[in-house]
Amino acid sequence: MTKDLQVNKLYSFLAILYLLGIFLYVTFGAYSFGNLSDWVLGYALIGATLVLIHYQIVLPPEGNSLSMDSAIYLACVFVFGVKIALTVLLFSNIIYFIYSRRDAWWAQWLNFSTYTVMIVGSHLAFIGLGGTVGEIDHTNVVPYIGALTSYFFINVLLIGLFFFLARRIRLLDAFKGVTEGVVESYLSTLLLSIILSFLLQTAPFFGLILFTSISVLLSYAFKHHFTLYQEVSNKANKDHLTGLNNHGYFKEILESTLDEVKQTDEVVSLAMIDIDDFKKYNDSHGHLQGDRLLTFFGQMLEETCREKEYVIARYGGEEFVILMRQTSEQDAARFIDCFRKQVNDTYFDGVELLPYGCLSFSAGIAGYSKDITSLSEFLSHADQAMYYAKSQGKNNTHIFGDEINVINLDQQIEELEQQLQLFLGKDIYTYRHSKRVYKYAVEFSKLLSLKDSEKKTFILGALIHDIGKLEVPRHVINKKEKLTKEEWEMIKKHVIWGRDIVAANKKLAPLVPLVELHHERYDGRGYPHGLKGEEIPKLARILCIVDSFDAMTTERPYQKTKSYQEALCELELCAGTQFDPDYVKPFKQYIENKYLLYEDTNIS
């Protein structure tokens, strides 16, 4: 069923219900109060109704309440008849609509029409079962029970149909959802309406004032108790450090959400986030400062997700989770990656000691599908994606199921990985950078018209392209201040040293041009040889684009990271000078299709 068809059905339902309500009102309630005394009592009933609509009795869980205005409508049916009940309903709804703009116009339609049908239905049931208007017969309770039963079932039917059309929930589930926890409220309404009927019959004005006053006092008392209940509930459901939802409560929300979406076609994604190198930060600065970092990160996450109404929680330690309704896994990944860039560019005390010199995280995204059989499986998918993101050098986002699978390269990759592991003790930045460039190379090579042998060389070269930095002294490669001219010349020599390291292994001979020449520029102003245009091997020209893109979008000591959009603009600007224009365009399309951030989202 299309969304437009769904909306048309909903508005058709509202229009029909509204017309039915008007018809019933005209048929049963075309009446005005007959004399001055009736009008004064009518004003009192209308005023009491408005007071009770405003001072509802709140009940747990949040969003649940008991409205006492139904007791007035039913009491009017029992004591004064359906015409008075409908007149009170009409005038109270008009006044409420004028002074309260909290509800949409169609909600006012729905409210008036629903109450009209309910009041007329309860009146017909009351009369049909032998009830007499104006005489409260306590020996014959059947008409009163019948009136309330009719009132209840009409309400369930109409509201259930509304949720069925508005939210595409199965009709049986919609009815079940409407009836849960409201039976007791309707029984209370019946008893209160009978009590009010006795009061109206014996002392109309005094009885109405007494009933309204007690209802208002109960509203205040229940509101106070509900506030205490909420405080206790929040302590049980909230993480004491960050104030976010805790692990257990999040799983409850997730489980109820999955139960709901199983009946619909709604897309749901789950993001799991882990702050990179948090243990190192904690060990360096102490647990109190580590707690401040967790609180700071949680506040950033909450602020970012507030507009989209995503459900977030601290899942444990430095891990956080986000439940993202009406969001595909691709859109979820783009949103999280945008947030990741914001986190990278936000300073927090002491993060300069971390490997990237800034705050960062790794994230895994999992989309819900009907073949996921349990809550644990859904969480496991997000968890696996997160750990895959960490294994690819951290500070990146990964969607479950998009793992890199390179055929016939496992053994060679494993050998190169062993050499790459040496960076972990000396220069973790280069290690992570190499892993990300490798990931881009695998994905981008699938879109290029390359021979299998060229793809293999390109992928392996991307993984090992910066191996020469192992020869750069530690104090130079990890220096935070601006490099001197001599130090910069030393850094540039890494391509020559890398060439020598790779050339020592004859099996890796095809990788030598990528390692040696990936810093050559298309206009001839690169290094080490100043090659120009097609003098530079094709795969080295492509690697230059990928390597530069990751460098621009990753944290550096002296410059804020660029967004993907900004980096792509830089590539286009330098196409024909620094980069081969023939490969800038397809790389831009690849990034836009897989990673591009929301064009209409700004969460900075």
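At a Förster distance of 60 Å, what's the computed FRET efficiency of LYS223 paired with ILE491, Cβ-Cβ distance as r, to 0.05? The calculated FRET efficiency here is 0.35. With Cα atoms as the point set, the range 410-594 shows a radius of gyration and Dmax of 15.6, 43 Å. Based on Cα atoms of the range 265-338, Rg over Rh with Rh as the Kirkwood radius reads 1.04. Put simply, when 80-86, 239-245 are sorted by average Cβ atoms within 10 angstrom per residue, most first, you get 80-86, 239-245.
Taking θ as phi - 60° and the Karplus parameters 6.51, -1.76 and 1.60, the scalar couplings of the range 340-357 work out to 4, 5, 5, 4, 4, 8, 9, 7, 9, 3, x, 6, 5, 7, 6, x, 8, x Hz in sequence order, x denoting glycine and proline. A simple spin-label model places the labels of GLU471 and LEU375 5.7 nm from each other, with each point 7 Å out along Cα-to-Cβ. Projected label points at GLU572 and LYS538, each 7 Å from Cα along the beta carbon direction, are separated by 2.6 nanometres. In this simple spin-label model, placing a label point 7 Å from the Cα along the Cα-to-Cβ direction at both VAL40 and GLU135 gives a separation of 2.8 nm.
Residues VAL515, VAL351, arranged from fewest to most other Cβ atoms within 10 angstrom of their Cβ, appear as VAL351, VAL515. Taken over the Cα atoms of the range 247-399, the convex hull encloses 101 Å³ per residue.
As a rough footprinting exposure proxy, the listed residues LYS279, LYS341 were ranked by other beta carbons within 10 Å of their own, and the order from fewest upward is LYS279, LYS341.
Values in this text are rule-based calculations from the coordinates and carry no lab data. The shown structure was predicted, so the numbers you read here are calculated from the model rather than taken from an experiment. Reconstructed Cβ throughout: ideal geometry from the backbone, glycine too, with neighbour counts over all protein chains shown.
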